Structures are given as structure tokens and as C-alpha cells.
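Structure record follows, encoded as C-alpha cells.
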Amino acid sequence: MADPTAEHDRDALRDWLLGLVAEHVQMPREDIASHVPLSDYGLDSVYALSVAAEIEDRFSIDVDPTMMWDNPTTDALVEAVTKELAQGT
């Protein structure tokens, strides 16, 4: 059975990341879909570096900037960050 706390953490992480995307593209948070590629919102490599840095600062983990390209949607990014957090890196 899945740990409901872990799912809550994923939801909180997803909401936080969607808020970052909304802020960068100057759109309402509710207009950003977690399954849509971030590039569809016009986010570029500078944004990817910024998000990687914000994830590092918030969670005290090392994030390779390529994580953004390897995980092009918010949903995929949530899974990648969750995995990194579980590994304690």
C-alpha cells in the first residue's frame, strides 16, 4: 500500500513547481497543466537552470540541470525530484 505522506509530499512538490512555472510565464497557476511539456509554455534553458537552483536551495540536494530536459513535464520532474530525495543525495 502506498504511503499517503509520500503522496502528499508529491502533491506539495507538484503545486510548488507549477507555481514556479506560472510565475515565470506570467500565467495563472490553474492554467498550467502538470502533464504538458514545460517547453510548450516557452520555458528555456535559462529557466531550467533557475528551477534546478531553486530545487537545490529548497531541498538541499544536488540537481543536475539536465534533469529538466530528461523530465520535460512537471509530473516527470516531480518523480525525478522525489527519487533524488529518497536517495538522500
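In table form, for the structure just shown:
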item	result
Near pairs, Cβ below 6 angstrom, 6+ apart or cross-chain, from the range 51-71 (under 14 Å from L17 (Cα atoms)) to any residue that is outside any helix (DSSP H, G or I)	A52/V63; A52/P65; I55/V63; E56/V63
Matching residues, the range 9-62, being within 12 Å of the chain's Cα centre (by Cα) and acidic (D, E)	D11, D15, E54, E56
Residue list for the range 61-76, restricted to those being assigned to a loop (DSSP other than H, G, I, E, B) and open to solvent by less than 100 Å² (accessible area, probe 1.4 Å)	I61, V63, D64, P65, T66, N71, P72
When residues of the range 51-60 are limited to those that are surrounded by 17 or more Cβ atoms within 10 Å (Cβ to Cβ) and under 19 Å from A86 (Cβ atoms), the one modelled with the lowest pLDDT	A52
Residue that is most open to solvent (accessible area, probe 1.4 Å) [pool: residues in the range 15-50 that are farther than 14 Å from M68 by Cα, in contact (Cβ under 8 Å) with a residue 24 or more places away in the chain and in a helix (DSSP H, G or I)]	H24
Candidates L18, L43 - the one that is at pLDDT 90 or above and in contact with a helix residue (DSSP H, G or I) (Cβ under 7 Å, 6 or more places away or on another chain)	L18
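The values are calculated or read from the model by the stated rules, or taken from the named source; none is laboratory data. Remember, it's a predicted structure, so these values are computed and weren't measured experimentally. For neighbour counting, all protein chains shown are included, and Cβ atoms are generated from backbone atoms with ideal geometry for every residue, glycine included. All accessible areas refer to the heavy atoms of the entire protein, side chains included, with ligands and DNA or RNA removed. Shrake-Rupley method; radii C 1.70, N 1.55, O 1.52, S 1.80 Å.
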